[in-house]
Amino acid sequence: MHYGYGYFEEDKLGEVADFKLWRRIIGYTSRYWQGIGLAVFLSFIVIGSSLLLPYMVRIGVDQYIINTDITVAARLGGLAKLATIFIVAVIAGFLANFSQVAVLEWTGQNIMHRLRQHVFSHMLGLDMAFFHNNPSGKLVTRLTNDIQNMHEMFTSVIVTLFNDIMRILGILVLLYWLNWRLAAIISLLLPLIILLTIWFSKVARDAFREIRTQLAKINAYLQEAISGISLIQLFQREKDTEENFVKLNRNYFAASIHQIKIFGFFMPALDILSSTATGLIIWYGGLQILQGKMTIGILVAYLFYMKLFFQPLRELSQKYSIVQSAMASAERIFQLLDTKSDMETPVKPLAPQKVEGSLEFRNVTFSYEPDHPVIQDISFTIEPGETLAIVGATGSGKTTLVNLLERMYDPDSGNILLDGNDLQQLDIQWLRKAVGLVMQEVYLIPATIRENILLDRQIAEKDLLGIVEKAQLNNLISMLPKGLDTKIGEGHHDLSAGQRQLLAMARVLARDPQILVLDEATANVDSETESLVENAIGATLAQRTSIVIAHRLSTIRRADRILVMDAGRIVEQGTHDFLMARQGLYHRLQNLQYVLN
């Protein structure tokens, strides 16, 4: 059985208080503790400078502006000194804040670079069952959007949250130190502030989830509609398609308005509490001043500190959403990293020095989905140097046999043997070097023809030219401006389907595997290059154990033996003439192919 690793859907949000997840996130930061430590140190400078400024105002008001016990010159001199200290504190805070941002960006980029590389390397080692069950779009999202979400949390939130918490604690300490009675009155508002913040975090989380849910539905519908636009237009479904989108768009609009209402309540409510605190400070502070128990400077400092106190609370909504999104992304990323390959790696994998080329499928059963076997109890052998053709209708299990032979998957039951060794005991890299594969769709890298053939292998120029000749690429190479060094791929020279197949043949010949598999290699070949491909196939199959999956009669007739598959089972086998004489499924398939041609 082969399952996906159970992605969180896009509408799921992370728990900010998930301490186990936080430990894993922090584990990725341990290598960069110097940068994080420096950022924390700079935080104290930023916080200290911001907390110093209101206190400097208090000194200026009490000791120099309203103090008539000293001369005007002394008062001006004192204000000048305070102004100098004030400017130095502002510059120090600016430089510390700038340095902190730079350090956090550098640290965050390094952490995300390492994490992105780790995730990609891990994905390369997973088996095909994983990719079969997980959409490629979501896998790309893990490497792009999700890691970017975590980067934003590292650079924009974590240390700034630390700054905010330390600033709030510092302000509370200073308020009690300056005038504990006034601070005690202000503290009566703290329970309301805490309750408002808790309420907001809950309802904002639900609203944010609903927006992401509706946006995910819109994205999925848009992708489906755009990819199927030809069918929509051919069957005149434009109106229905638009009406469905109107509903989805309306739901997204409603979710967005709901979130705006929540923000619209939270911000004014916070402003009311801030204004109430300011009013209490002015009322009780003024009373204390009139009674001679407090100075005007302390009252002014209190008003400044209260402004600093409520500022981070106003930014809480944005930071909370960033952390929440990043935690959801982190959970999905770590869930991916925790995914293990279904295929077990032997403790001591075998890598024989020589490949004879005998193959045996022994009672092999396999299913992509539970309880839906694609092939059932398949058994056959191939002798060294023999060419075996496999034919059957679409969905009969032909390509699945190839996937099992290349060990893209492991069978649910039964064994596959190469020279008497079970594939599951062989080194997987050795196996894929020993078994060459030419598929219907040829993957080309954006590089030169030479690089596409060699794929980092080192071959003498004379041998490479011999491979080009066997693969029937001579004419193509001679017509290109730079021959083998002509770049192909996006933005460069393009190749036809037939030319791509010839290049794939050359690629296999460069690896020189003892076992060769052709999976519908001639399916998309145009008539002009068909004979070239057939000649290349003949040169490629020579003196190799070969499995050929094809519909074309010319390709199948080359085989020493033919297996006919239907519904995951072998129903006929023999030579072309023998099977045609039986007038069974093979005979019907060939007649159908003849009619279609």
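Taking the condition of being at negative phi, modelled with pLDDT of 70 or more and assigned to a helix (DSSP H, G or I), how many residues in the range 480-539 meet it?
Qualifying residue count, the range 480-539: 26.
Quick check: is even one residue across the range 221-239 surrounded by 14 or more Cβ atoms within 10 Å (Cβ to Cβ), among the hydroxyl-bearing types (S, T, Y) and farther than 18 Å from S187 by Cα?
So far as the range 221-239 goes, yes, one or more of its residues are surrounded by 14 or more Cβ atoms within 10 Å (Cβ to Cβ), among the hydroxyl-bearing types (S, T, Y) and farther than 18 Å from S187 by Cα.
For the range 253-265, check the following and say yes or no: at least one residue is hydroxyl-bearing (S, T, Y) and either surrounded by 17 or more Cβ atoms within 10 Å (Cβ to Cβ) or modelled with pLDDT under 85 (or both).
No: zero hits.
Can you say whether Q353 is part of a helix (DSSP H, G or I) and surrounded by fewer than 16 Cβ atoms within 10 Å (Cβ to Cβ), as far as the supplied structure shows?
The answer is no for Q353.
Go through the range 574-588 and give me each residue that's buried (at least 17 other Cβ atoms within 10 Å of the Cβ) and within 18 Å of I547 (Cβ to Cβ).
Of everything in the range 574-588, those that are buried (at least 17 other Cβ atoms within 10 Å of the Cβ) and within 18 Å of I547 (Cβ to Cβ) turn out to be H576, L579, Y586.
Kindly provide the set of residues from the range 455-485 that are touching a Lys or Arg at 6+ places or on another chain (Cβ under 8 Å) and surrounded by 15 or more Cβ atoms within 10 Å (Cβ to Cβ), ordered by number.
Within the range 455-485, L464, L484 meet the criteria.
Can you tell me which condition K319 does not meet? The list is (1) without any contact (Cβ under 8 Å) to a residue 60 or more places away in the chain; (2) in contact with a helix residue (DSSP H, G or I) (Cβ under 7 Å, 6 or more places away or on another chain), and all the others hold.
(1)
Within the range 198-242, track down each residue that is more than 23 Å from F265 (Cα to Cα), of a type in the set (G, A, S) and in contact with a helix residue (DSSP H, G or I) (Cβ under 8 Å, 6 or more places away or on another chain).
The answer is A225, and nothing else.
Does I453 satisfy the condition of being in the same structural domain as L495 (by TED's automatic domain parsing), outside any loop (DSSP other than H, G, I, E, B) and over 22 Å from P346 (Cβ atoms)?
Criteria met by I453.
Got a number for residues in the range 456-479 being assigned to a loop (DSSP other than H, G, I, E, B) and within 39 Å of the chain's Cα centre (by Cα)?
Matching residues across the range 456-479 total 6.
Please count how many residues of the range 384-394 are touching a residue at least 40 places away in the same chain (Cβ under 8 Å) and surrounded by fewer than 17 Cβ atoms within 10 Å (Cβ to Cβ).
3
Looking at this structure, is I272 surrounded by 14 or more Cβ atoms within 10 Å (Cβ to Cβ) and either not basic (K, R) or not assigned by TED's automatic domain parsing to the domain that holds P135 (or both)?
Against the criterion (surrounded by 14 or more Cβ atoms within 10 Å (Cβ to Cβ) and either not basic (K, R) or not assigned by TED's automatic domain parsing to the domain that holds P135 (or both)), I272 does not qualify.
Quick one: would you say V564 is aliphatic (A, V, I, L, M), touching a strand residue (DSSP E or B) at 6+ places or on another chain (Cβ under 7 Å) and crowded, with 19+ Cβ neighbours inside 10 Å?
Yes; evaluated as a whole, the condition is true for this residue.
Take the range 405-433 and flag every residue that is within 15 Å of F361 (Cα to Cα) and among the β-branched types (V, I, T).
I416
Residues of the range 427-455 being basic (K, R) and under 20 Å from L465 (Cβ atoms), which ones?
R450
All but one of (1) modelled with pLDDT of 85 or more; (2) among the charged types (D, E, K, R); (3) in contact with an Asp or Glu (Cβ under 8 Å, 6 or more places away or on another chain) hold for R167, so report the exception by its number.
All conditions are met except number (3).
Please enumerate the residues belonging to the range 357-380 that are in contact with a Ser or Thr (Cβ under 7 Å, 6 or more places away or on another chain), surrounded by fewer than 17 Cβ atoms within 10 Å (Cβ to Cβ) and within 29 Å of L592 (Cβ to Cβ).
T365, D377
Identify the residue in the range 539-561 that is over 12 Å from V391 (Cβ atoms) and of a type in the set (A, V, I, L, M, F, W, C) and, among all such residues, is surrounded by the fewest Cβ atoms within 10 Å (Cβ to Cβ).
Across the range 539-561, the extreme among qualifying residues is A542.
So, Q214, is that one out of contact with any strand residue (DSSP E or B) (no Cβ under 6 Å at 6 or more places or on another chain), surrounded by 12 or more Cβ atoms within 10 Å (Cβ to Cβ) and without any contact (Cβ under 8 Å) to a residue 60 or more places away in the chain or not?
Against the criterion (out of contact with any strand residue (DSSP E or B) (no Cβ under 6 Å at 6 or more places or on another chain), surrounded by 12 or more Cβ atoms within 10 Å (Cβ to Cβ) and without any contact (Cβ under 8 Å) to a residue 60 or more places away in the chain), Q214 qualifies.
Residues checked against (1) in the same structural domain as T155 (by TED's automatic domain parsing); (2) touching a residue at least 40 places away in the same chain (Cβ under 8 Å); (3) small (G, A, S):
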position	(1), (2), (3)
F41	yes, no, no
V46	yes, yes, no
L76	yes, no, no
I91	yes, no, no
S99	yes, yes, yes
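If you take the residues in the range 48-68 that are hydroxyl-bearing (S, T, Y) and in contact (Cβ under 8 Å) with a residue 60 or more places away in the chain, which one is surrounded by the fewest Cβ atoms within 10 Å (Cβ to Cβ)?
Result: Y55.
Each row is one residue, and each column tells you yes or no for (1) surrounded by fewer than 19 Cβ atoms within 10 Å (Cβ to Cβ); (2) assigned to a helix (DSSP H, G or I); (3) not aromatic (F, W, Y).
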residue	(1), (2), (3)
V90	yes, yes, yes
G108	no, yes, yes
Q117	yes, yes, yes
H122	yes, yes, yes
L126	yes, no, yes
F130	no, yes, no
V140	yes, yes, yes
N149	no, yes, yes
N163	no, yes, yes
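Considering each residue of the range 404-440, count those that are without any contact (Cβ under 8 Å) to a residue 40 or more places away in the chain, part of a helix (DSSP H, G or I) and under 20 Å from P384 (Cβ atoms), and give that number.
The total comes to 3.
Name the residue, out of S227, S187, S201, S256, that is within 30 Å of I289 (Cα to Cα) and hydroxyl-bearing (S, T, Y).
Among S227, S187, S201, S256, only S187 is within 30 Å of I289 (Cα to Cα) and hydroxyl-bearing (S, T, Y).
The values are calculated or read from the model by the stated rules, or taken from the named source; none is laboratory data. Keep in mind the model is a prediction, meaning the values are calculated, not measured. Virtual Cβ from ideal backbone geometry, glycine too; neighbours counted across all protein chains shown.
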